[in-house]
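Below is one structure, written out as structure tokens; comments come after it.
Quick note: the coordinates plus some simple rules give every number you see, no bench work behind them. This is a predicted model, so every value here is computed, not measured. Glycine gets a Cβ as well: all are built from the backbone with ideal geometry, and neighbour counts include every protein chain shown.
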Ligand code: NAD
Ligand code: ZN
């Protein structure tokens, strides 16, 4: 299947299917005209599983080289960024070269930022290998981390194509699958009530996320992300809806220390929290209880870890780069499938965080 992403700066296809990675050279040819050299950036774990086959295929048509980075969030650093640029320069990549990101969100964000800045920007293709990356590979946000904040150094650089082979998911550890599933759920909750209902009826364990159902969920998730991004590429308006569950989620990740909780687990807690905030503000039931119960079937945490202090979390939520006034701006659900952005008082937040 193909979902087309249309933004002001670029229009590009997202290919989704099982086994489609073997067509990568064709996708490259169709979406990047007159490419000579190809640099594939991947991480240690993914490269051991998939890199060799991909390099062999590319070698039939292109001069292909690869660079492998350590697995994990710590690779979104100035140091690894510098190493990638050095490798690209030393191997004489030029303005007609292409970078392929083979991996999860870490590789995608890093390799995308390398591509965005190498010689003022060269094309890149996303080949996501995690479920979470159905989200991160679409939309063109690329970044590395700074000591003072995650994703603080980055760019908007849309890929020329995204090639999403769902077979990669077969080797993904279950906690990583669950992490990515949180973003699929988020896409349903903020945008599409009937998709969310489908999820809550059809998916009751991570085992259900296989073959047709996994593909359907990914196609829907990507279509929603594509729609939001096409209206608002640079996050001046509704793209902020995608931050549903993330204000508290990010605060929890930061407080526990990155790597001590997956992004998706943080988002799951954040989504339930945002629903509760919405319910107390409107006295209107959004089914936070029902959804929390369903989330727990996948072993998602749905409450704030005991050791975390309300005041610290609140101050983290305020340091979120989206805060404009003194109050925390949160994405809240009006109904399932519809969100609004609301400034929430500290007192209300503190009482619900405690
Ligand atoms: P990740 O890239 O670190 O992948 C998670 C782990 O799974 C890694 O250890 C990786 O080596 C391993 N892995 C990847 N694919 C595998 C496979 N097929 N089989 C077995 N193991 C595999 O993390 P992630 O969760 O994919 O992405 C998280 C990152 O994405 C964060 O840095 C976050 O900031 C970023 N992100 C970016 C956006 C965006 O819009 N750009 C959106 C959401 C998240
Ligand atoms: Zn996220």
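Please say if segment 283-354 is rounded, prolate or oblate, where rounded means a/c under 1.5 for a ≥ b ≥ c the square roots of the C-alpha gyration tensor eigenvalues, and otherwise the choice is prolate for a/b larger than b/c and oblate otherwise? Oblate. Once you keep just the Cα pairs under 8 angstrom separated by 6 or more residues, what percentage relative contact order results for the chain? Rounded, it is 15 percent for the chain.
The Cα atoms of segment 12-112 give a gyration tensor whose axes a ≥ b ≥ c have a/c of 1.5 or more with a/b no greater than b/c, which makes the shape oblate.
Can you compute the FRET efficiency between residue 346 and residue 26 using 1/(1 + (r/R0)^6), with r the Cβ-Cβ distance and R0 = 56 Å? Round to the nearest 0.05. Here the calculated transfer efficiency is 0.55. Computed from label points 7 Å out along Cα-Cβ, the spacing between residue 205 and residue 52 is 3.4 nm. Over all distinct Cα-Cα pairs of the chain, the Kirkwood formula returns a hydrodynamic radius of 20.6 Å.
Hey, what angle do you get for helix 263-282 against the long axis of the chain, alpha-carbon based, 0 to 90 degrees rounded to 10? Helix 263-282 and the main axis of the chain meet at about 40 degrees.
At an R0 of 45 angstrom, the distance between the Cβ atoms of residue 312 and residue 92 translates into a FRET efficiency of 0.35.
For the chain, the longest principal axis of the C-alpha atoms and the axis of helix 310-319 are separated by about 50°. By the count of neighbouring beta-carbon atoms within 10 Å, fewest first, 263, 134 end up ordered 263, 134. Packing-based ranking of 101-107, 189-195, 53-59 yields 101-107, 189-195, 53-59, ordered from highest to lowest mean Cβ neighbour count within 10 Å.
Rounded, prolate or oblate for segment 180-264? Axes are the square roots of the Cα gyration tensor eigenvalues, ordered a ≥ b ≥ c, and the cut-off for rounded is a/c under 1.5. Verdict is oblate for segment 180-264. Counting Cα-Cα pairs of segment 182-353 in 5 Å increments starting at 0 gives whole-percent bin shares of 1, 8, 18, 22, 21, 16, 9, 3, 1, 0.
Contact order, relative form, for segment 182-353: 27 percent (alpha carbon pairs under 8 Å, 6 or more residues apart, mean separation divided by residue count). When each of 131, 177 is scored by the number of other beta-carbon atoms lying within 10 Å, the sequence from fewest to most is 177, 131. Taking only the Cα atoms of segment 2-171, the ratio Rg/Rh comes out at 0.92, with Rh defined as the Kirkwood radius.
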